[in-house]
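Report on the following structure.
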Amino acid sequence: MEMVLMDNLWVIIGTFLVLLMIGGFILLEAGSTRMKNAGHIAGKTIFTIGIGSIVFWAVGWGFIYGEGNGFIGLSDFFYGDTSFDGEGLSPAVDFMFQMMFALIALTIAFGGFAERAKLSAYVVFAVLFSALVYPVVAHWIWGGGWLADHGKQDFAGSTVVHLTGAMAALAATIILKPRIGKYNKDGSSNELAGHNQVYTALAVLLLWVGWFGFNGASTFGVSDAFFGYVILNTQLAAAAGAIAAMLLVWAITGKADVPTTLNGALAGLVAITASCGFVEPWAAVLIGAIGGLIVYASMRFFDRARIDDPIFALSVHGTVGVWGTISTGFFATHELSVGMEWGLPGLFYGGSFEQLGVQIMGVVASGIYAFVVSFIILKVMDKVMGGIRVSEEEEIIGLDLSEHGSYGYPENIPHPNDNQVNDKQAR
């Protein structure tokens, strides 16, 4: 019984770590965008995770883990299981941990909305994504759906969380179109630099630490201390991703670009998320390093395609999420796949192309579903709501003022009473 309680304690600690990643995403998005939108970014993030939490409680958990069919679960709505038989995880602990993954996917999706979407669009999409997009993909892979039946390997969510969120972000960027001033008529791109690289660096550190709960607590226990191995692989991949991205951009441009280096670390984390429990440490280094190289190439690709992605969600979570998922088809060991009754070994460990094929099939099916459903939802919202993008004037003013009537950095905005206060002080 004591060990069961330790298992539950570890998973609830992991829950806290993953929730703190939301703070990392607030700093990442705020730091990567203009000052005039910082307060809006912080506020809408907190508000929408509130919405996501309620929707997950009402229907999300049931659609993922309820009894149903290979496509979706159809029971356990408005979750309230207080039973605990003394074995495994408490239902409430399990529920809370899984809720955090849904919230992270939603936060990633909103990266495609940055600096140009109405607050009302965030509200409506938070409900529909949390009910109709994320739970379906999660059911397919983690909830006993059709991809789980094929042995799809995704230890902590490179596909379920990161790719799903990124495909929704892609749909949003296409429908919302680029920010004002991002691209010129000749197709060239202008850099709309974020206002605070210190924020983005702190964001990466918060996310990095939170990822130890994201991946480590996905072991669901402490009895064999396997979580330590998973965290080791996570650390190595993140380190390799940061180094690889920095060296690549330095070699190409002659400058060790800070945002690229930071995105390289995140790319290493995303890449290892699917494979952290299936591969050896040397493979984790390679997987993370390739993620760091891929993220830079992907960032340049989307920019040249005139797809405006302010926080690089499409590259960090989407393109690298694909690589991370597929990587298990190459590097999964026999002991950590067949030995754990989770799929087959990778191609480099005596497996055939079967597991690699399953991984590719899972990426394609999940990515297409998340993109198509998100695109339809957003297109309908755009028509019904009279547009989901703010007006040109509101975008230029900034969403802090136009959507909330206040400013994230109020000292930088003159107030009508300032002159009166100065006059009194002068007297």
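The values are calculated or read from the model by the stated rules, or taken from the named source; none is laboratory data. All of these numbers come straight from a predicted model, not from anything done at the bench. As a convention, Cβ positions derive from the backbone with ideal geometry for all residues, glycine included, and neighbour counts pool all protein chains shown. Quick note on the areas: whole protein, heavy atoms, side chains included, nothing else; ligands and nucleic acids left out. Shrake-Rupley method; radii C 1.70, N 1.55, O 1.52, S 1.80 Å.
Overview of results
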item: Selected residue (criterion: most open to solvent (accessible area, probe 1.4 Å)) from residues of the range 325-357 that are in a helix (DSSP H, G or I), at pLDDT 95 or above and small (G, A, S); result: G357
item: Residue check for G157: on the phi > 0 side of the Ramachandran plot, open to solvent by 10 Å² or more (accessible area, probe 1.4 Å) and not charged (D, E, K, R); result: no
item: F227 assigned to a helix (DSSP H, G or I), among the aromatic types (F, W, Y) and within 16 Å of the chain's Cα centre (by Cα); result: no
item: Enumeration of residues in the range 380-410 that are small (G, A, S) and either in contact (Cβ under 8 Å) with a residue 60 or more places away in the chain or open to solvent by 70 Å² or more (accessible area, probe 1.4 Å) (or both); result: G387, G398, S406, G408
item: Search result, residues across the range 1-57 that are among the aromatic types (F, W, Y), within 17 Å of Q98 (Cβ to Cβ) and open to solvent by 40 Å² or more (accessible area, probe 1.4 Å); result: F16, W57
item: Residues of the range 302-324 satisfying the condition of being open to solvent by 40 Å² or more (accessible area, probe 1.4 Å) and in a helix (DSSP H, G or I); result: D303, R304, T319, V322
item: Odd one out for H139, checked against (1) of a type outside the set (D, E); (2) under 30 Å from V4 (Cα atoms); (3) out of contact with any strand residue (DSSP E or B) (no Cβ under 6 Å at 6 or more places or on another chain); result: (3)
item: Count of the range 58-114 residues which are assigned to a helix (DSSP H, G or I), of a type outside the set (A, V, I, L, M) and within 26 Å of D149 (Cβ to Cβ); result: 11
item: Unique match (being open to solvent by 50 Å² or more (accessible area, probe 1.4 Å), touching a residue at least 40 places away in the same chain (Cβ under 8 Å), over 17 Å from V161 (Cβ atoms) and over 16 Å from the mean Cα position of the chain (by Cα)) among V198, V222; result: V198
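Per-residue answers, yes or no, for (1) out of contact with any helix residue (DSSP H, G or I) (no Cβ under 9 Å at 6 or more places or on another chain); (2) surrounded by fewer than 17 Cβ atoms within 10 Å (Cβ to Cβ):
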| position | (1), (2) |
| --- | --- |
| G62 | no, no |
| G70 | no, yes |
| D85 | yes, yes |
| G88 | no, yes |
| Q98 | no, no |
| A102 | no, no |
| A131 | no, no |
